[in-house]
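The values are calculated or read from the model by the stated rules, or taken from the named source; none is laboratory data. For clarity, every value in this text was computed on a predicted model and none was experimentally measured. Cβ placement follows ideal geometry from the backbone for every residue including glycine, while neighbour counts extend to all protein chains displayed.
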Amino acid sequence: MRRNLKNIIFCSVLSLLLMANSAYAIKFVDIPHGYWAYKAIDKVSDDGIITGSPDNKFMPEQLITRSQYAVMLVKALNQQNIPVETMYSFEDIDVNNWAWPYVLRALNLDILKPCADCYFCPNDYITRSEVITFLVNLLKTENITKKEAIESLQNAYDDFDEIPDWFKQTAGKAEFLNLIAKEPPRQRYLDYDNYVTRAQMAVFLANMKREIESYESAKIEEETSPKIARGIISNNVIVDGDVALIPEKSILPIMIMGQISSKDTKAGQMFQARFANNIVDEQHRLLLSKDLILIGKVLDSVKAKKFVRNGELMFELSAVNNDDILTKIFAFAEYEASYVEGNKFKKATSAVIKGRNFTAKDGQILYIKLFQPIRVNIVTGEILD
């Protein structure tokens, strides 16, 4: 009895699997499970980008018109509801056409252009070169060199010599990113000037969405991860999650922008500085960028006086943080013959008899010692209060 129950359960499960697989295989009656573009068609149809006919046919060999192309791209980019900023008027398509809302948005997104003055040519067919050019313009391809693009294209297609020179770099970038629809038995031929079929368009769009999703995932990871950089290592930094603590008494180099001098700089005068290099921890996580603007404020200036004293400058530093908010960095300098007073720093030269003034010229590097720890968000680069 138990064996029969097992057989019944096994047969029931097998029947369900066969039914599910059968239903999966006949989503469109003209797209068998082994069809070369099956996965792409399944994806774009699930996403509502390309739909089938009322009698459950996909019609994979049907050519794509300009109006259909507009509809598919706007849906693929999820831009169906964007506000329309520029209105258009054409002789051959108007507001009563089923595709008009998509055509209008495609024109506003610069996906398509009119084919001539006052004409959109909605029933003209789209070529493979037009689709490839759009995809390359849409996606991030700046890191692909011309050499890499051309080599990628030449290695992939037997009709390389027939591809016009003006199109080779663009097509090569598309090939490098695996965007191009390759339909058997002509997968070794770019056929750049052939018209695009519905099946090919499904593959183009599925590849485009894959690349966009990959880029967005990488961007999210980049935006939520610490930046890695070369620079001057600050020791004994404590990192807890996204926050790094640069300890008190850390010595950091800054570069003066402009000039300050005990001779002619007055109290209240502002000046700018930068860190002389990126400040990183021992794992090379960026703590303070060399591009961070530092604002100095002169607190006091004492001119040199012969036989009495050398010139002295006292100032404090703030960092121009996110949203242009000033975040004070309490620091003082450590130099020979210097001394500390609160969160200020002074410099006095040793030649008291001559009474030398202290001058920091443009580009000169000074070393500051933190009077208190600095907390930094190592993801955003923001200095925290």
| task | Please work out if ASP165 is assigned by TED's automatic domain parsing to the domain that holds PRO32 and surrounded by 12 or more Cβ atoms within 10 Å (Cβ to Cβ). | result | no
| said: Could you tell me how many of the residues in the stretch 224-243 are in contact with a Ser or Thr (Cβ under 9 Å, 6 or more places away or on another chain) and closer than 30 Å to ASN143 by Cβ? | reply: 4
| said: Take the conditions surrounded by fewer than 18 Cβ atoms within 10 Å (Cβ to Cβ) and of a type in the set (Ser, Thr, Tyr) and apply them to SER214. Does it pass? | reply: yes
| task | Among the residues of the stretch 42-75, count how many are crowded, with 21+ Cβ neighbours inside 10 Å and touching a Phe, Trp or Tyr at 6+ places or on another chain (Cβ under 6 Å). | result | 4
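Determine which member of the set LYS227, LYS249 is under 25 Å from the mean Cα position of the chain (by Cα) and either over 30 Å from THR65 (Cβ atoms) or of a type outside the set (D, E, K, R) (or both). Working first, answer last.
On the way: LYS249 fails: under 25 Å from the mean Cα position of the chain (by Cα).
Among LYS227, LYS249, only LYS227 is under 25 Å from the mean Cα position of the chain (by Cα) and either over 30 Å from THR65 (Cβ atoms) or of a type outside the set (D, E, K, R) (or both).
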| request: Hey, could you check the stretch 359-381 for residues that are in a loop (DSSP other than H, G, I, E, B) and in contact with a Phe, Trp or Tyr (Cβ under 9 Å, 6 or more places away or on another chain) and say which is modelled with the lowest pLDDT? | output: PHE371
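What about SER152, is it closer than 25 Å to TYR215 by Cβ, surrounded by 12 or more Cβ atoms within 10 Å (Cβ to Cβ) and either not assigned by TED's automatic domain parsing to the domain that holds GLN200 or not charged (D, E, K, R) (or both)?
Considered against the rule, which asks whether it is closer than 25 Å to TYR215 by Cβ, surrounded by 12 or more Cβ atoms within 10 Å (Cβ to Cβ) and either not assigned by TED's automatic domain parsing to the domain that holds GLN200 or not charged (D, E, K, R) (or both), SER152 comes out as yes.
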| Considering residues of the stretch 105-133 that are buried (at least 19 other Cβ atoms within 10 Å of the Cβ) and among the hydrophobic types (A, V, I, L, M, F, W, C) only, the residue nearest to ASN78 (Cα to Cα) | ALA106
| field | All helices (runs of 4 or more DSSP H) inside the stretch 106-184 with 2 or more residues being in contact (Cβ under 8 Å) with a residue 40 or more places away in the chain, aliphatic (A, V, I, L, M) and touching a Phe, Trp or Tyr at 6+ places or on another chain (Cβ under 8 Å) | value | 128-138
| message | Could you go through the stretch 57-72 and let me know if any residue there is more than 24 Å from THR127 (Cβ to Cβ) and at pLDDT below 95. | response | no
| task | Pairs only if they're at least six apart or on different chains, beta carbon under 8 angstrom, first in the stretch 71-87 and within 16 Å of LYS113 (Cβ to Cβ), second assigned to a helix (DSSP H, G or I) and among the aromatic types (Phe, Trp, Tyr); list them, first residue then second. | result | LEU73/PHE134; VAL74/TYR102
| message | So in the stretch 274-299, with the set limited to residues that are at pLDDT below 90 and of a type outside the set (D, E, K, R), which one is nearest to PRO226 (Cα to Cα)? | response | LEU292
| task | With the condition kept exactly as written, say whether any residue in the stretch 73-86 is more than 30 Å from the chain's Cα centre (by Cα), polar (S, T, N, Q) and assigned by TED's automatic domain parsing to the domain that holds LEU109. | result | no
| task | Exactly one condition in (1) crowded, with 18+ Cβ neighbours inside 10 Å; (2) under 17 Å from the mean Cα position of the chain (by Cα); (3) within 30 Å of GLU382 (Cα to Cα) is not met by ALA244; state its number. | result | (2)
| Listed residues ILE256, ILE228, ILE251, ILE238; which is of a type in the set (Val, Ile, Thr) and free of Cβ contacts under 8 Å to residues at least 24 places away in the same chain? | ILE238
| query | Of all residues in the stretch 43-100, how many are hydrophobic (A, V, I, L, M, F, W, C), more than 13 Å from ALA199 (Cα to Cα) and in contact with a Lys or Arg (Cβ under 7 Å, 6 or more places away or on another chain)? | reply | 4
